[in-house]
Amino acid sequence: MHQDDPGGTVPARLRQHGFAPRKRLGQNFLRDRSYLRLMLDAADVGHEDEVLEIGAGTGVLTGALLERARRVVAIELDDSLVALLQSQLGSEPKLELWHGNALDFDPGQSFAGPYKLLGNIPYYITGPLVRRYLEVEGRPTVLLLMVQREVAERIIAPPGHLSVLGVSVQYYADADIVARVPARAFYPMPKVDSAILRLRPRSESRSVDPDAFFPIVKAGFGMKRKQLANSLSAGLNLSRAGTQTYLRAAGIDETRRAETLSVAEWETLTQVITAESEPAVH
């Protein structure tokens, strides 16, 4: 998603630049600037901050960031929008435009110290993008993202409603929803509501290596509605008896389902499996 002027000026401004929103890129332009202010406030953007913006669009959030931040690196994939940004903001000394896919951007090449990440993220890249910027060396101190409401709720879900996405994000960060944003706040109006998601990466390392942790989590979720013993046995190519032994050692009932386990329980299970039989995890 991208940002633009409030009210009825959005379609007119886009037509002025000969631009039509592209559904395949998830382009919906925010009309209501109050949500932009919410994002900046929730990320506590100040005059000493460096900011990475993903999905700069027509540059309204970019402009707001330039008023508050010391430096802004703005990523935009769409050729037409990059040209628009260059014509409107190209002379701003605090701004650097990066034309390309945010999944290919290396923040280590642009930020020597701490930075904050803000942006409006299309549904189809939410999971991969969040994982990338939580795993990358030199990750941001906070991520403030406009995402589809359902995705935000999956990310912050408690045990009992967890998914691979929720476990993956909560492994790295504390997550909360700052505000819910109705579909009518965008042009063109999407079919679903959005939410402003805040992620605060943990400063301490997790107790297990992600290369061991995530294959076990994915195996556990690999057979929907199956008991954990069955899904882990199939996903990790283990005997049922061996899987039951691991689960008992981790203090986890074998009849539970993957969505009921907390991140801490997944970590404990990973420790048990890797300690006793590292070659069993692929």
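The values are calculated or read from the model by the stated rules, or taken from the named source; none is laboratory data. Quantities reported herein were computed from a predicted structural model and do not represent experimental measurements. Positions of Cβ are backbone-derived with ideal geometry, glycine not excepted, and every protein chain shown enters the neighbour counts.
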Kindly evaluate GLY113 against the criterion of being within 18 Å of PRO201 (Cβ to Cβ), modelled with pLDDT of 95 or more and not in a strand (DSSP E or B). yes
Tell me which residues, restricted to region 174-206, are surrounded by fewer than 18 Cβ atoms within 10 Å (Cβ to Cβ) and in a strand (DSSP E or B). ASP174, ASP176, ILE177, ALA179, ARG180, ARG200, PRO201
Look at region 55-69 and say how many of its residues are under 15 Å from LEU117 (Cβ atoms) and not in a helix (DSSP H, G or I). 3
Condition (residue is crowded, with 19+ Cβ neighbours inside 10 Å, in the same structural domain as ASP41 (by TED's automatic domain parsing) and within 25 Å of SER163 (Cβ to Cβ)) applied to region 104-118: is it met by at least one residue? yes
Hey, does region 75-85 have a residue that's over 23 Å from VAL164 (Cβ atoms), at pLDDT 95 or above and of a type in the set (Val, Ile, Thr)? yes
Can we say GLU265 is under 30 Å from PRO182 (Cα atoms) and outside the structural domain of LEU144 (by TED's automatic domain parsing)? no
Checking the condition over 23 Å from the mean Cα position of the chain (by Cα) and crowded, with 19+ Cβ neighbours inside 10 Å, which residue from LEU77, LEU84, LEU65 passes? LEU84
Filter result (part of a strand (DSSP E or B) and touching a His at 6+ places or on another chain (Cβ under 8 Å)) within region 76-104: GLU76
Going by the structure shown, is VAL130 over 11 Å from the mean Cα position of the chain (by Cα), in contact (Cβ under 8 Å) with a residue 40 or more places away in the chain and either in a loop (DSSP other than H, G, I, E, B) or at negative phi (or both)? no
